[in-house]
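Shown next, in structure tokens, is the structure this report addresses.
We did not get these values from a lab; they are worked out from the coordinates using the rules stated. Treat the numbers as computed from the prediction; the structure is a model and nothing was measured. Note that we place each Cβ from the backbone using ideal geometry, even for glycine, and neighbour counts take in every protein chain shown.
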Amino acid sequence: RCALNGEGEGLVILAEEQTNGRGRRGRSFYSPDGSGIYMSVLFRPKPEISQDVVLITTAASVAVCRAIRDVLSQEPQIKWVNDVYLNGKKICGILTEAVSDFESGRIDTVVVGIGINYHAPKEGYPDEIKEIAGTVCAEDEKIPRNELVAAIIENLCKLYQDLPDKSFMEDYRKW
């Protein structure tokens, strides 16, 4: 809604929970109250980088991995383009959506949604995901979420500016 209402580039929306979280192909994304980091970042690509916008999900994956490495001193892995794993468990899903101008075909707006399992929900994970879902922090760890959020946003904004250079692709392949 904010994108359609003309909000400016760089708007970040954080939520304590998502009541209707979703991933690729309309799959649901379990995002209970108080256990995750759920954010959306709004971009309005300039015409000269619009052809590179398809790489923004890749850049977001690298931004999350860099932040986890720098803030938590852990080495995550990227599974294909939009999932981040830690110790063999999925800890993050990324969904990128775009709004384009029908007549020109130009992408006007991109919203990058990032959902991170910060720590396990009190009630545990649902049966269908409990074997694959992981967390970035153990229950007793006291790493400030804001520090991780700030690092993700900082990395994502820098990589967004570097989209035409594709300088992040080496890190993407490494992770």
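Observations, loosely collected:
- The chain: relative contact order in percent, alpha carbon pairs under 8 Å with at least 6 residues between: 25 percent
- In this entry, the chain is assigned a mean projected area of 10.2 nm², taken as a quarter of its C-alpha convex hull surface.
- With a simple spin-label model that places each label point 7 Å from the Cα along the Cα-to-Cβ direction, the separation between ILE129 and ASP33 comes to 1.8 nm.
- Relative to the Cα centre, the charge distribution of the range 18-165, modelled as +1 at Lys and Arg Cβ and -1 at Asp and Glu Cβ, gives a dipole magnitude of about 180 debye.
- Along the axis of the charge dipole computed for the chain (Cβ charges of +1 for Lys and Arg, -1 for Asp and Glu, origin at the Cα centre), the listed residues LEU11, VAL53, SER73 are led at the positive end by VAL53.
- Packing rank of 144-151, 114-121, where each peptide gets the mean count of other beta carbons within 10 Å, highest leading: 114-121, 144-151
- Across LYS90/LYS142; LYS46/LYS89; LYS89/LYS142; LYS130/LYS158; LYS79/LYS158, pairs whose alpha-carbon gap is larger than 31 Å: LYS46/LYS89; LYS130/LYS158
- Listed peptides 45-56, 100-111 by packing density, highest first (mean Cβ within 10 Å): 45-56, 100-111
- Sequence of MET39, MET169 once ranked by neighbouring C-beta atoms within 10 Å, starting from the fewest: MET169, MET39
- Packing-based order for 90-96, 153-159, using average beta carbon neighbours within 10 Å, highest first: 90-96, 153-159
- Between helix 56-72 and the chain: long-axis angle, C-alpha atoms, 0 to 90°, nearest 10: 40 degrees
- Within the listed set LYS130, LYS89, LYS79, the Gaussian network model of the chain (springs between alpha-carbon atoms below 10 Å) gives the highest mean-square fluctuation for LYS130.
- In order along the range 125-132, the phi-based Karplus estimate (6.51 cos²θ - 1.76 cosθ + 1.60, θ = phi - 60°) of 3J(HN,Hα) comes to 8, x, 3, 5, 10, 5, 7, 10 Hz; Gly and Pro are listed as x.
- Degrees between helix 145-161 axis and first principal axis of the chain (Cα, 0 to 90, nearest 10): 30 degrees
- Nitroxide proxy distance, nm - points 7 Å out along Cα→Cβ at LYS122 and ILE143: 2.4 nm
- Inter-part distance, the range 120-158 to the range 53-80, computed on C-alpha centroids, equals 13 Å.
- Residues whose placed amide H lies under 5 Å from that of ILE91, excluding near-sequence neighbours: VAL84, TYR85, LEU86, GLY134
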